[in-house]
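Comments concern the structure below.
The values are calculated or read from the model by the stated rules, or taken from the named source; none is laboratory data. A quick note: this is a predicted structure, and the numbers were derived from the prediction, not measured. Glycine gets a Cβ as well: all are built from the backbone with ideal geometry, and neighbour counts include every protein chain shown. Heads up: the accessible areas ignore ligands, DNA and RNA and are worked out on the full protein's heavy atoms, side chains in. Shrake-Rupley method; radii C 1.70, N 1.55, O 1.52, S 1.80 Å.
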Amino acid sequence: MVGFKDRGSGQDQQLLDDVSSTFARALPKGTVVHDYATEYELPLSELLHGDHRRLDSRTRKFVVQSNAAILVGGIVSPGSGGQINVRPAVYVRADQVPDAPELVGWYTSQPVPADQSLGLAHSRNALVAELVRQASGLAQFTSALDAWQSGRTTEAVAGFARLLPGKGTSDLDSGTGFVTSDLVHLFRGHALEQTTVNGQEASRSALEAAGADYRAIPADSPIWLRAQLSLAGNIYLRAETATDCAPGALRDSDIAGVTSTLRRLMSDAKFTTLGRLKAAVNLAQVEYCRINAGLTSDDGTVDAVVRRVRAAGPGVGVRELKALAASIAAQREADRGRLDAAISGMRQALVLESRFVVRAQWLAWLAAWAFERCDPVTGDQAARDSLDQMRNAIRTGAASRQGYEADRKFLDRRKNQARARCGSGSPQ
């Protein structure tokens, strides 16, 4: 609990610290809560305007120092007719959403009104009671995030689902509380998509369900831009999963609107810096797929966008996006027949990427390129490393045995092809 901060309501900070302390004590038993309101200052009022880079920077340092699983706070601002509004806020840490870095950050919801000064015990107690009610889903939300972070994506999907109205005991509505149903839809959509990577359920149905979650978030939601980015990626995933971007297998209608949505989001000043970078690297993926499918000519967009992402400054989640951009650049080099540059580029991408499944895929490509250039030493090592990464992914629940076998057969096939073509040859 990081407290409540005033933004023009005239409430004394000591009163707000008392509210924070009372709220922390009143949360349900079994919830481990520490009140940092008087120990650490976070400029939460920045959440009410577009630029809150200072808040984001200080929050990142604070979660490292405190090791808090989730941060809770609020902003107190003036309402109409002398009332005040308390807007709940919750912070999601980077390590809770390793596969979706654009979801890291602060989320605010609709304000809770109070009709009198918080100096009155009755008004203060009534506010705390309402905040406790609206915080009822926090423990469940944190548990679902932990399941997702740990690779237990099916469990995470079920946990998020229990928070939605009509899906369990939750009394969340669409716009209020520390964890709104909009927020749950967004995170459940990403967890559903991750199950398709882990091979835990039918890809098509999971992707369609994720798309429905993103579409459930209305245009007036504070997280609508994030939902639009997620939906664009979801439409691409559904098309790419079905066709593998093969020539003649993909229709422009399959990814209609995705390119224009991503171009708009990567330039939208209202979107977060990380969100704009994610939109940019997603645009590179989509355009690369369209080129391979024969739907468009190469107009330089992919290379330009990749350069933009790779030149981005440091920040939470940027490392992963730079890794993806570097992997795309490596694939482009391989397409042009520059296999030495492709291998070198993929090694640069691997330095930035830690996830077992992703490293396994990229190492498999590196092995294939090495075999193609008749370099069995590099190819064999990369193939072994790739399968090691897949075994670790299976151990942590991030991949399936079927995925491992598919990768093993792919690598064996490429090695045998190289042996037939190169004999005992050396690198070409």
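Side notes on the structure shown:
- The dipole here belongs to the chain: it is taken about the Cα centre, uses +1 on the Cβ of Lys and Arg and -1 on the Cβ of Asp and Glu, and is about 1000 debye.
- Ranking 295, 325, 285 by how far each Cα lies toward the positive end of the dipole of the stretch 277-335 (charges on Cβ) leaves 325 at the top.
- Relative contact order of the chain: 9 percent, from C-alpha pairs under 8 Å at least 6 residues apart in sequence.
- Surface share of carbon and sulfur [accessible, 1.4 angstrom probe, percent] for the chain: 49 percent
- Using C-alpha pairs under 8 Å with a sequence gap of at least 6, the mean separation divided by the residue count of the stretch 176-284 gives a relative contact order of 20 percent.
- Across the stretch 227-359, the mean sequence separation of Cα contacts (distance under 8 Å, 6 or more residues apart), normalised by length, yields a relative contact order of 18 percent.
- Translational diffusion of the stretch 16-109 was estimated from the Stokes-Einstein equation, with Rh taken as the Kirkwood radius over Cα pairs; at 37 °C and 0.692 mPa s the coefficient is 226 µm²/s.
- Angle between the chain longest axis and helix 273-292 axis [Cα atoms, degrees, rounded to 10]: 30 degrees
- Its Cα gyration tensor gives the stretch 375-428 an equivalent ellipsoid; the semi-axes, largest first and in whole Å, are 26, 11, 5.
- Summed residue charge, Cβ within 15 Å of residue 333's Cβ, Lys/Arg positive, Asp/Glu negative: +2
- Shape call, the stretch 337-428: gyration tensor on alpha carbons, a/c limit 1.5: oblate
- Interchain or long-range residues, amide H under 5 Å from residue 6's placed H: 76
- From its DSSP helices (H runs of at least four residues, each -39,500 (n - 2.57)), the chain gives a residue-normalised ellipticity at 222 nm of -18500 deg cm²/dmol.
- GNM flexibility winner over the chain from 392, 67, 282 (Cα, springs under 10 Å): 67
- The stretch 287-404 shape via C-alpha gyration tensor axes, a/c threshold 1.5: oblate
- Placing +1 on each Lys and Arg Cβ and -1 on each Asp and Glu Cβ, with no other charges, gives the stretch 271-349 a dipole about its Cα centre of roughly 300 debye.
- Between 0 and 90 degrees, the angle of helix 339-352 with respect to the longest Cα principal axis of the chain falls at about 20 degrees.
- For the residues 207, 250, 229, a GNM of the chain with alpha-carbon springs under 10 Å puts the largest fluctuation on 250.
- Residue-normalised accessible area of the stretch 173-327, expressed per residue, 1.4 Å probe, Å²: 40 Å²
- Anisotropy class of the stretch 208-310 from Cα gyration tensor, a/c 1.5 cut: oblate
- Max mean-square fluctuation residue, GNM over the chain, Cα-Cα springs under 10 Å, options 22, 142, 272: 22
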